[in-house]
């Protein structure tokens, strides 16, 4: 039984790492720009498909394929902000309108991907299939170890970035109080732009890793962003690092939950948790207070 | 053949119209960004299908679809009383995900992903409405009835209370209105009509499965509500026609049928974005989304 | 405001008129000096997971149609067959929509396909109500046997598949087994048949996991299976991509049990792509002469790597062609009776066809094993 429990634990950590990568980028954008950006999910999907396109279709070297995918993902995020969200902000749109708009963008990008690549599942055949490594009685593949490691690295990287770099500090300033930040000379539009670039870069990393691990389908973004913001909400939406904990908790809840329930309920567990938290603890576990909270 | 095709389109317009005007009650008149509308549509569809397949008459199943939708509308309204804006949107959306997950997993009741095939066409006063034309007539009758019912509701004193909740809930409360109750009733009415629409859908398509009721199905309805303009029933009517008919020429330009689905979504998404940017009041809307 | 409404109504009218002319040209194909055109509809999964059999099937059907037309021309007959394809996406709802489009808008009375059993079952109530003749070369769910008077297939029911595999598995001496199946009509029908077969022989099913259709991740299911410690594992996917996920994750999680699959698992296509992960798998393959030079040429020309399905799809067109010659393309009662009366019709590649009173055929399967990336006869 020990090995089953450790396997479930490993599966939870792997799932949690995936969700963390999604939630980190999402939270960064949410905290800085103060609206729910559903289209973040489509950036993840786009990144995965770009990696597929370069590697599996064009035959470009894997390393370069990943690099291009990441660059294009950041570019897409920046473009979404520049061409769409900025226009809305200029019209003083409320966060609800931005939410609906982000939903529209998600559908738009997903449908474009669907039209370009088709609805069937695609695989990035970079890694040879073989039995995973056995650790503490549980099996974990090298790719899964990379996923967990990446989420740790990205988290630490983001932390250092926000704490130590000028841009990071400026972002925190805008996130805390945009008006005061502007007074001291920080351009909030520039910061918004940067939050999209960095957030989308993280989404890009998530996309490539998830693409390798779970294969690609056009609607992968929708499902992932729901899990991602569930994790963010559990952790506390004002707290970027809370998202990491939220992601791990979500991973645990799902994987232990389906040990007892039929496996089809995995997503249902996530939805139920989301619903419950939104109703009873919208601040999440570690929610910082944020401006424009429940009126 | 062309008549069959037009009849099909008109039936769709009818069903979408009921869905849209019911959503209009929540979003346009009460100011609640209810993104969980598809859940009531789904509940209505499954209720009606299962009842008829178990021997109940159509009119009973049809009404039950609305009533069950209404009950769930009430159930949803309780916990979301205090939520607004984004959080309300996310919570209602979350509700529709939960309903979807239940439909997918409660296989004893719903057959899960296998869906429910062979839903009989409605039988009214002993006449089996097997032809599409007959179904269209039924749909039109129901549609017109719903339209005028809802029109009466929103033009009544209660309708004005709804709009006051939308415009300034605090002021409304100060004036002594029990806004929580008002919002709950509004959601219940909205859900009732969505349930009716679900029943019509189930008996028209004769095959339902959970994939017909994902958040994607909300997009055209949301588009209609926003493009028609909030709080405008006339705008909703026109927008329904536009949204249902606009992608149809794609069928004839020679796109393979696999492309038509995503192209429709692209058209809707673009329309939504453009209207929100350049004409947020929609065609005849009185207010914008807060 | 009034003006706006008028403009909109006018625009709608013009638009609808435009559509009307578009639809009309689509349906008026009964032209050409005295040439008879038989129009049939065809539904197959052209996109989505099922595309790995839907697309080759489309190519095979188109080739068969072309060959049939040539044969008719060579025989001096002034007639031809036309098959209009719609995408059924391997699920009931989309197949039904495809059928409705074909029947209501394009006006056909015969539909070749359904392909996926869930699809055929989904459209059956509609086609039966409208007396549309349905002829499937692929749907294998036993439920189809009862689906209707106008539903026929030249592909054998799954009962035939299980009737061959179950004794084979039991004959290997396993005392307990685990089953992993996809939650679709076809796979679930197989699963029920297997469970019944095992119960009768006293083999214990220690784990019975069902995963969501097109699931990407079946590791939790596999973990539960591993935990139950079965001696053998039976995989029942609906499509080739699902089989791939099964094979990959079974290999990754390190299950050492003997694995048996359904016919999807041992399709040429599946073995070609994923054979490396499926070493030692057993599965059922429809018996026909796969070495026949003519068949190999046809399969190569149409890039059809789904073995027996290529054969039945091709033959199905020719059989339909004969029926259409006799009855025209609208009298489905005549067609139905003609099909019931068909005995020992010999197809070019898939062999002998006779329909029983349910519109089913009997056929043989044999067990093969994956060795070195290829299929070999099993011991």
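Considering each of A:249, A:261, A:274 in turn, give the residue that is farther than 29 Å from residue A:54 by Cα and without any contact (Cβ under 8 Å) to a residue 24 or more places away in the chain.
One residue alone meets the criteria, A:261.
Kindly list the number of the only condition in (1) under 30 Å from residue A:4 (Cα atoms); (2) out of contact with any helix residue (DSSP H, G or I) (no Cβ under 6 Å at 6 or more places or on another chain); (3) away from every other protein chain (no Cβ under 14 Å) that fails for residue A:148.
Just one mismatch for residue A:148, condition (2).
Taking the condition modelled with pLDDT of 85 or more and at positive phi, does residue C:328 pass?
Working: modelled with pLDDT of 85 or more: yes; at positive phi: yes.
Considered against the rule, which asks whether it is modelled with pLDDT of 85 or more and at positive phi, residue C:328 comes out as yes.
Filter region C:107-129 for residues that are modelled with pLDDT of 85 or more and not in a helix (DSSP H, G or I); which is nearest to the other protein chains (Cβ to nearest Cβ)?
Selected residue: C:107.
Quick check on residue C:178: is it in contact with a helix residue (DSSP H, G or I) (Cβ under 6 Å, 6 or more places away or on another chain), surrounded by 24 or more Cβ atoms within 10 Å (Cβ to Cβ) and within 25 Å of residue C:210 (Cα to Cα)?
Considered against the rule, which asks whether it is in contact with a helix residue (DSSP H, G or I) (Cβ under 6 Å, 6 or more places away or on another chain), surrounded by 24 or more Cβ atoms within 10 Å (Cβ to Cβ) and within 25 Å of residue C:210 (Cα to Cα), residue C:178 comes out as yes.
Given the structure, is residue B:113 within 9 Å of another protein chain (Cβ to nearest Cβ), assigned to a loop (DSSP other than H, G, I, E, B) and touching a helix residue (DSSP H, G or I) at 6+ places or on another chain (Cβ under 9 Å)?
Judged against the criteria, residue B:113 is not a match.
So which of C:196, C:185, C:208 ends up being touching a residue at least 12 places away in the same chain (Cβ under 8 Å) and out of contact with any strand residue (DSSP E or B) (no Cβ under 9 Å at 6 or more places or on another chain)? Full working, then the answer.
Details: C:196 fails: touching a residue at least 12 places away in the same chain (Cβ under 8 Å); C:208 fails: out of contact with any strand residue (DSSP E or B) (no Cβ under 9 Å at 6 or more places or on another chain).
Testing whether each residue is touching a residue at least 12 places away in the same chain (Cβ under 8 Å) and out of contact with any strand residue (DSSP E or B) (no Cβ under 9 Å at 6 or more places or on another chain) leaves just C:185.
All but one of (1) assigned to a helix (DSSP H, G or I); (2) within 23 Å of residue C:368 (Cβ to Cβ); (3) in contact (Cβ under 8 Å) with a residue 40 or more places away in the chain; (4) within 12 Å of chain A (Cβ to nearest Cβ) hold for residue C:269; state the number of the condition that does not hold.
(4)
State whether the residues of region C:36-47 include one that is surrounded by fewer than 20 Cβ atoms within 10 Å (Cβ to Cβ) and either over 30 Å from residue C:184 (Cβ atoms) or at pLDDT below 55 (or both).
Yes, region C:36-47 has at least one match.
Considering each of B:96, B:186, B:180 in turn, give the residue that is part of a helix (DSSP H, G or I) and surrounded by fewer than 22 Cβ atoms within 10 Å (Cβ to Cβ).
Exactly one of B:96, B:186, B:180 is part of a helix (DSSP H, G or I) and surrounded by fewer than 22 Cβ atoms within 10 Å (Cβ to Cβ), namely B:180.
Residue-wise test of (1) assigned to a helix (DSSP H, G or I); (2) out of contact with any helix residue (DSSP H, G or I) (no Cβ under 9 Å at 6 or more places or on another chain); (3) without any contact (Cβ under 8 Å) to a residue 40 or more places away in the chain.
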| position | (1), (2), (3) |
| --- | --- |
| B:6 | yes, no, yes |
| B:20 | yes, no, no |
| B:28 | yes, no, no |
| B:31 | no, no, no |
| B:43 | yes, no, no |
| B:52 | yes, no, no |
| B:55 | no, yes, yes |
| B:59 | yes, yes, no |
| B:62 | yes, no, no |
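Please specify each residue of region C:339-348 satisfying the condition of being surrounded by fewer than 18 Cβ atoms within 10 Å (Cβ to Cβ) and either part of a helix (DSSP H, G or I) or at pLDDT 85 or above (or both).
C:340 - this is the single residue of region C:339-348 that is surrounded by fewer than 18 Cβ atoms within 10 Å (Cβ to Cβ) and either part of a helix (DSSP H, G or I) or at pLDDT 85 or above (or both).
For residue A:264, are the conditions met, namely being surrounded by 20 or more Cβ atoms within 10 Å (Cβ to Cβ) and under 27 Å from residue A:152 (Cβ atoms)? Spell out how you get there, then give the answer.
Numbers: surrounded by 20 or more Cβ atoms within 10 Å (Cβ to Cβ): yes; under 27 Å from residue A:152 (Cβ atoms): no.
So residue A:264 fails the test.
Would a scan of region B:241-251 turn up a residue that is free of Cβ contacts under 8 Å to residues at least 24 places away in the same chain, closer than 26 Å to residue B:6 by Cβ, facing chain C (nearest Cβ under 10 Å) and more than 21 Å from the chain's Cα centre (by Cα)?
Yes; the residues of region B:241-251 include at least one that is free of Cβ contacts under 8 Å to residues at least 24 places away in the same chain, closer than 26 Å to residue B:6 by Cβ, facing chain C (nearest Cβ under 10 Å) and more than 21 Å from the chain's Cα centre (by Cα).
Right, residue C:65: within 29 Å of residue C:214 (Cα to Cα), in contact with a helix residue (DSSP H, G or I) (Cβ under 8 Å, 6 or more places away or on another chain), modelled with pLDDT of 90 or more and more than 9 Å from chain B (Cβ to nearest Cβ) or not?
Judged against the criteria, residue C:65 is not a match.
Among the residues of region C:272-293, how many are free of Cβ contacts under 8 Å to residues at least 60 places away in the same chain and crowded, with 19+ Cβ neighbours inside 10 Å? Outline the logic, then answer.
So in region C:272-293, the residues free of Cβ contacts under 8 Å to residues at least 60 places away in the same chain come out as C:273-274, C:277, C:290-293.
Remaining after also requiring crowded, with 19+ Cβ neighbours inside 10 Å: C:273-274, C:277.
Residues in region C:272-293 being free of Cβ contacts under 8 Å to residues at least 60 places away in the same chain and crowded, with 19+ Cβ neighbours inside 10 Å: 3 in total.
Can you work out which of the residues in region C:349-371 that are buried (at least 16 other Cβ atoms within 10 Å of the Cβ), under 19 Å from the mean Cα position of the chain (by Cα) and closer than 30 Å to residue C:274 by Cα is modelled with the highest pLDDT?
Checking each candidate, the answer is C:365.
For residue C:246, state whether it is within 20 Å of residue C:49 (Cα to Cα), at pLDDT 90 or above and within 14 Å of another protein chain (Cβ to nearest Cβ).
Yes.
Restricting to region B:218-255, what's the tally of residues that are at pLDDT below 90 and in a helix (DSSP H, G or I)?
Residues flagged as at pLDDT below 90 and in a helix (DSSP H, G or I) within region B:218-255 amount to 5.
From the list A:45, A:39, A:20, A:5, exactly one residue is crowded, with 24+ Cβ neighbours inside 10 Å and farther than 25 Å from residue A:112 by Cβ. Which is it?
A:20
Only one of these conditions is not met by residue C:50: (1) at negative phi; (2) within 14 Å of chain B (Cβ to nearest Cβ); (3) surrounded by fewer than 24 Cβ atoms within 10 Å (Cβ to Cβ). Which number is it?
Answer for residue C:50: the failing condition is (3).
Name the single residue that is nearest to the other protein chains (Cβ to nearest Cβ) among those in region C:68-93 being more than 26 Å from residue C:144 (Cα to Cα) and part of a loop (DSSP other than H, G, I, E, B).
C:78
For region A:77-114, what are the residues that are more than 21 Å from the chain's Cα centre (by Cα), within 7 Å of chain B (Cβ to nearest Cβ) and buried (at least 19 other Cβ atoms within 10 Å of the Cβ)?
Of everything in region A:77-114, those that are more than 21 Å from the chain's Cα centre (by Cα), within 7 Å of chain B (Cβ to nearest Cβ) and buried (at least 19 other Cβ atoms within 10 Å of the Cβ) turn out to be A:88, A:97.
When you scan region A:263-293, how many residues do you find that are more than 7 Å from every other protein chain (Cβ to nearest Cβ) and outside any helix (DSSP H, G or I)?
Residues in region A:263-293 being more than 7 Å from every other protein chain (Cβ to nearest Cβ) and outside any helix (DSSP H, G or I): 12 in total.
The values are calculated or read from the model by the stated rules, or taken from the named source; none is laboratory data. The shown structure was predicted, so the numbers you read here are calculated from the model rather than taken from an experiment. With ideal geometry, Cβ positions are generated from the backbone for all residues, glycine too; neighbour counts draw on all protein chains shown.
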